[in-house]
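*Asks:* Dropping a structure here in structure tokens format, bear with me for questions.
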There are 6 protein chains.
Amino acid sequence: MKISARNILKGTIVDVTKGQTTAHVKIDIGGSIVTSSITNQAVDDLKLAKGQTAYAIIKASNVMIAVD
Amino acid sequence: MKISARNILKGTIVDVTKGQTTAHVKIDIGGSIVTSSITNQAVDDLKLAKGQTAYAIIKASNVMIAVD
Amino acid sequence: MKISARNILKGTIVDVTKGQTTAHVKIDIGGSIVTSSITNQAVDDLKLAKGQTAYAIIKASNVMIAVD
Amino acid sequence: MKISARNILKGTIVDVTKGQTTAHVKIDIGGSIVTSSITNQAVDDLKLAKGQTAYAIIKASNVMIAVD
Amino acid sequence: MKISARNILKGTIVDVTKGQTTAHVKIDIGGSIVTSSITNQAVDDLKLAKGQTAYAIIKASNVMIAVD
Amino acid sequence: MKISARNILKGTIVDVTKGQTTAHVKIDIGGSIVTSSITNQAVDDLKLAKGQTAYAIIKASNVMIAVD
């Protein structure tokens with residue numbers, strides 16, 4: 001499956017924390033940690049676990065820019 | 001200003017393309033290109049230009065995870 | 001590739017309209033038309049065209065609920 | 001009230017699960033199940049319950065497209 | 001129609017600018033100007049025009065917090 | 001830091017409620033209450049508390065418009 005989202009960043013899962021409905025997954029992407037907030041069901045469905053290779057996927061319209 | 005967004009990735013702007021209302025800005029973050037879709041007004045207001053140091057900012061709830 | 005997004009709706013592309021930077025793609029999903037706003041680059045990259053089978057993908061945190 | 005969101009899909013609520021702050025609501029839309037992640041407060045305020053007719057509302061900029 | 005979005009801010013439209021596919025609408029909400037990026041089709045469909053009373057609607061998961 | 005997000009609304013935090021992973025923060029902005037859903041980690045990191053001056057930050061593409 002090929003997706004329209006412009007940002008597909010490959011990395012390694014370094015943490016999975018589940019709450020009651022919402023989970024936080026952290027991925028190490030070339031030394032930067034990217035945090036994702038997804039449903040517990042997605043974590044279970046994709047069997048996400050620490051150490052796994054995974055992608056952070058972000059639609060371009062959800063990326064802001066900042067300068068110092 | 002300190003923001004709640006969990007993902008603040010530092011890089012260098014490699015492209016700024018303006019449309020009639022919406023612009024696309026590309027940032028090189030450690031070798032990965034991140035694409036952002038923002039308003040032309042934001043580009044003008046922040047004086048965004050190729051070669052500039054900038055940050056891609058992404059709320060955790062806008063990051064999805066994928067696996068092969 | 002398997003994605004965390006909870007909503008993956010299969011349909012047929014019925015319209016692709018490109019602007020200067022942003023395109024609108026309409027998919028017929030079981031009789032309902034779903035409209036998507038994505039980058040022109042995504043349209044080109046995925047070679048999206050009328051008549052094609054495609055999926056509308058929506059993260060659960062981007063779905064609101066309304067009642068009459 | 002008429003809203004700018006391009007996607008207003010009518011269906012029937014098939015599940016409401018509340019966490020500590022965030023709830024998941026599932027709507028059957030013509031046989032497809034759409035999952036929504038909203039606040040518990042919204043669930044209480046709209047009195048959302050299984051069996052109710054409801055709408056899934058999605059802004060076009062939050063819809064991605066994928067192809068096989 | 002009653003919507004789950006937690007933020008419904010009443011104001012007056014002060015500007016509507018259409019691009020090729022995407023429009024920007026500005027609303028004065030108690031002296032603060034809120035900018036919205038929506039489809040041209042939504043502008044046409046709702047007949048949005050300067051001087052009109054309107055609401056800015058924002059899902060809670062799309063609001064970030066910052067401090068100085 | 002200067003951000004591309006078009007909507008930066010100053011106010012006072014009136015409530016912070018943490019769940020297991022996701023928190024809700026309410027800000028009074030000139031008499032309107034704006035609700036934000038962010039990670040607990042952001043609440044801790046920014047030391048958000050009732051009575052504090054803070055900003056609600058919203059990307060223009062996440063603002064919808066409605067009319068009566």
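*Asks:* Among (1) within 14 Å of chain C (Cβ to nearest Cβ); (2) under 28 Å from E:Ala60 (Cβ atoms); (3) surrounded by fewer than 23 Cβ atoms within 10 Å (Cβ to Cβ), there is one condition B:Ile58 misses while meeting the rest; what is its number?
*Replies:* Just one mismatch for B:Ile58, condition (3).
*Asks:* May I ask you to list the residues in the range E:30-44 that are touching a residue at least 12 places away in the same chain (Cβ under 8 Å) and either surrounded by fewer than 15 Cβ atoms within 10 Å (Cβ to Cβ) or more than 24 Å from D:Ile58 (Cβ to Cβ) (or both)?
*Replies:* E:Gly30, E:Ile33
*Asks:* Could you tell me how many of the residues in the range B:19-40 are within 14 Å of chain C (Cβ to nearest Cβ) and not in a strand (DSSP E or B)?
*Replies:* 4
*Asks:* Going through F:Lys2, F:Lys47, F:Lys10 one at a time, which residue ends up being out of contact with any helix residue (DSSP H, G or I) (no Cβ under 7 Å at 6 or more places or on another chain), away from chain D (no Cβ under 14 Å) and free of Cβ contacts under 8 Å to residues at least 12 places away in the same chain?
*Replies:* Numbers: F:Lys2 fails: out of contact with any helix residue (DSSP H, G or I) (no Cβ under 7 Å at 6 or more places or on another chain); F:Lys10 fails: free of Cβ contacts under 8 Å to residues at least 12 places away in the same chain.
Answer to the check: F:Lys47.
*Asks:* Could you say whether any residue in the range B:43-64 is under 12 Å from the mean Cα position of the chain (by Cα), within 19 Å of C:Ile38 (Cα to Cα) and hydroxyl-bearing (Ser, Thr, Tyr)?
*Replies:* For the range B:43-64, residues under 12 Å from the mean Cα position of the chain (by Cα), within 19 Å of C:Ile38 (Cα to Cα) and hydroxyl-bearing (Ser, Thr, Tyr): absent.
*Asks:* Can you tell me which residue in the range F:3-23 is surrounded by the most Cβ atoms within 10 Å (Cβ to Cβ), limited to those that are of a type in the set (A, V, I, L, M) and under 15 Å from D:Asn40 (Cα atoms)?
*Replies:* Among residues in the range F:3-23 that are of a type in the set (A, V, I, L, M) and under 15 Å from D:Asn40 (Cα atoms), the one surrounded by the most Cβ atoms within 10 Å (Cβ to Cβ) is F:Ala23.
Every number here is computed from the coordinates shown, using simple stated rules; none is lab data. For clarity, every value in this text was computed on a predicted model and none was experimentally measured. No Cβ is skipped: glycine too gets one built from the backbone with ideal geometry, and neighbour counts run over all protein chains shown.
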